[in-house]
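Here's the structure we're looking at; comments come further down.
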Amino acid sequence: MLIRVKLSRLGETQWYEYAVRFMLGGVMTILAGLIAKLFGPIAGGLFLAFPAIFPASATLVEKHERRRKEKVGLRGTQRGRDAAALDAAGATVGSFGLAAFGGVIWLVVPTNVPVAFFGATAAWVLVLRQLGGSGACRGGCASFCKKARLDRKPPLSSTGESLLRA
């Protein structure tokens, strides 16, 4: 699976969907600030890293994939669920990378800031590559990606119609 940018997809999202993401992110930032005020910056920072917009993003991914399939006359329920599940797998891998980055920063910043930044970036890249974030499904998510098969074309009948209706 290659990472691609499709600017045409920006038009698929309604203004209110962006507003929901923005509001969830803002609410979590405010809560993280309050937690930092009450319990200190370490606790506040942990909550600031909370993926506040992930639930909204996952539902949008599912809805957009389902709509895309329905436009061509297919039921897209399973495809939407698979796409949202892949999005969740990616968020999980990203969370591990963020934890590695934060751990190196926390350990090394008191001694050398530039070394901490480069070391943390290296730790982040290593964790993502190890867990499958290198542009191709590898490591822990490989079996899930095989199951989802989002990039495969459906089998066709002798008349050229898709044999899959999901």
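FYI, it's all coordinate maths here, none of it is from the lab. None of these values were measured; they are calculated from a predicted model. Note: ideal-geometry Cβ built from the backbone for every residue, glycine included; neighbour counts use all protein chains shown.
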Starting at the first residue of region 117-131, write each ³J(HN,Hα) from the Karplus equation 6.51 cos²θ - 1.76 cosθ + 1.60 with θ = phi - 60°, in whole Hz, x for Gly and Pro.
5, 5, x, 5, 5, 4, 5, 4, 4, 4, 5, 5, 5, 5, 8
Would you compute, for the Cα atoms of region 29-118, the largest minus smallest coordinate along each principal axis and list the three values in descending order, in whole Å?
60, 31, 15
Express in whole angstrom the spacing between the alpha-carbon centres of region 44-116 and region 29-43.
22
Given a Förster distance of 22 Å, the FRET efficiency implied by the Cβ-Cβ spacing of residue 78 and residue 4, rounded to the nearest 0.05, works out to 0.45
Grab the eigenvalues of the alpha-carbon gyration tensor for region 8-68, scale each by 5, take roots, and send me the semi-axes largest first in whole angstrom.
30, 10, 7
